[in-house]
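Notes follow once the structure below has been shown.
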Amino acid sequence: MNTSPINLQEEYAKTEISKILNLLDEELVGLAPVKSRIREIAALLLIDKLRKNLGITSGSPGLHMSFTGSPGTGKTTVGLKMADILYQLGYIKKGHLLTVTRDDLVGQYIGHTAPKTKEVLKKAMGGVLFIDEAYYLYKPDNERDYGSEAIEILLQVMENQRDELVVILAGYKKPMDKFYQSNPGLSSRIANHIDFPDYTVDELLKISKIMLDEQQYQLTAQAEIALGKYIEKRKEKPLFANARSVKNALDRARMRQANRIFDSRGEVLTKKELVNLEAEDILQSTVFD
């Protein structure tokens, strides 16, 4: 056994984990419990690697994960960062993330599912396979459904090739909980369950400003008030998708602004007029999506 001391800061500096975690903080608004959980997992993986370097025997940490929460809460973005962390620490060889849904894995006739699923797994090997809305794989009410075949193949790979592939199952919390209850073999192979909370109105306003800034737009003071009121009402409606719904609302506001400017053609335009979104652009364009 190697008994030489290890400088933790030096080992930490050899990876880009600090940079990745800082980017996670910068790029994602809110989600404090998610960021905390990712840091905990990163710490576990780093220490496990150092233990192995010293010849200390320990079981390999479970790497398969479950991300639950509403759409638009950053699950895919966090999945990408997690893939970076796993790659930096040598737990996966390539570091890529492949996002799929049921349609990519399940066939429509006998003998079609196995080759589809195996082809996806082949592409994902060496990286992370992110299965969105994973509960749609299991449809017990349909006797002719082939989703269970895809699950069986997935289970085998998650167990026998866990050093070559990390699987993240994602979706709404309640359907995912039911999915795991119906498929205990899957549940037992998931070591890390992370729940993504919905964004608050203030957080969504901050996200809105980031989105607009990237496209060189800005909200006037009155437009910001109007957008805040819209978000409050939209959060109470069905199918609210957090940042996705906000993006849709902003896209419509930009279109309304363009039409407003076009209708006033003939006037001299300033940069400010081209950049600003007014309250009327928000109020007249935010039908509920």
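The values are calculated or read from the model by the stated rules, or taken from the named source; none is laboratory data. Since we're looking at a predicted model, the values are computed, not measured. Don't worry about glycine lacking a Cβ; one is built from the backbone with ideal geometry, like all the others, and counts go over all protein chains shown. Only protein heavy atoms, including side chains, enter the accessible area calculation; ligands, DNA and RNA are left aside. Shrake-Rupley method; radii C 1.70, N 1.55, O 1.52, S 1.80 Å.
Overview of values
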quantity: Segment 127-143, residues that are open to solvent by 10 Å² or more (accessible area, probe 1.4 Å), more than 8 Å from Thr101 (Cα to Cα) and under 18 Å from the mean Cα position of the chain (by Cα); calculated: Tyr135, Tyr136
quantity: All positions within segment 63-101 that are farther than 14 Å from Leu23 by Cβ, open to solvent by less than 30 Å² (accessible area, probe 1.4 Å), in contact with a Gly (Cβ under 9 Å, 6 or more places away or on another chain) and hydrophobic (A, V, I, L, M, F, W, C); calculated: Met65, Phe67, Leu86, Ile92
quantity: Lone qualifier among Ile110, Ile92 - being modelled with pLDDT under 95 and either within 16 Å of Met125 (Cα to Cα) or in contact with a strand residue (DSSP E or B) (Cβ under 8 Å, 6 or more places away or on another chain) (or both); calculated: Ile92
quantity: Exclusive hit being surrounded by fewer than 16 Cβ atoms within 10 Å (Cβ to Cβ) and within 19 Å of Val29 (Cα to Cα), set Glu232, Glu273, Glu236; calculated: Glu232
quantity: Odd one out for Ala226 among (1) within 30 Å of Glu152 (Cβ to Cβ); (2) crowded, with 16+ Cβ neighbours inside 10 Å; calculated: (1)
quantity: Restricting segment 204-223 to residues that are open to solvent by 50 Å² or more (accessible area, probe 1.4 Å) and assigned to a helix (DSSP H, G or I), the residue that is farthest from Met82 (Cα to Cα); calculated: Gln222
quantity: Among (1) surrounded by 16 or more Cβ atoms within 10 Å (Cβ to Cβ); (2) in a loop (DSSP other than H, G, I, E, B); (3) among the hydrophobic types (A, V, I, L, M, F, W, C), the one test that Leu250 misses; calculated: (2)
quantity: Segment 22-46 residues that are at negative phi, paired with ones that are in a helix (DSSP H, G or I) and of a type in the set (S, T, N, Q) (beta carbon under 7 Å, 6 or more apart); calculated: Glu27/Thr77; Leu28/Thr77
quantity: Residues that are among the acidic types (Asp, Glu) and assigned to a loop (DSSP other than H, G, I, E, B), drawn from segment 16-35; calculated: Glu16
quantity: Pairs with Cβ under 8 Å, 6+ apart, first in segment 122-140 and without any contact (Cβ under 8 Å) to a residue 24 or more places away in the chain and over 15 Å from Leu155 (Cβ atoms), second outside any helix (DSSP H, G or I) and charged (D, E, K, R); calculated: Lys139/Asp145
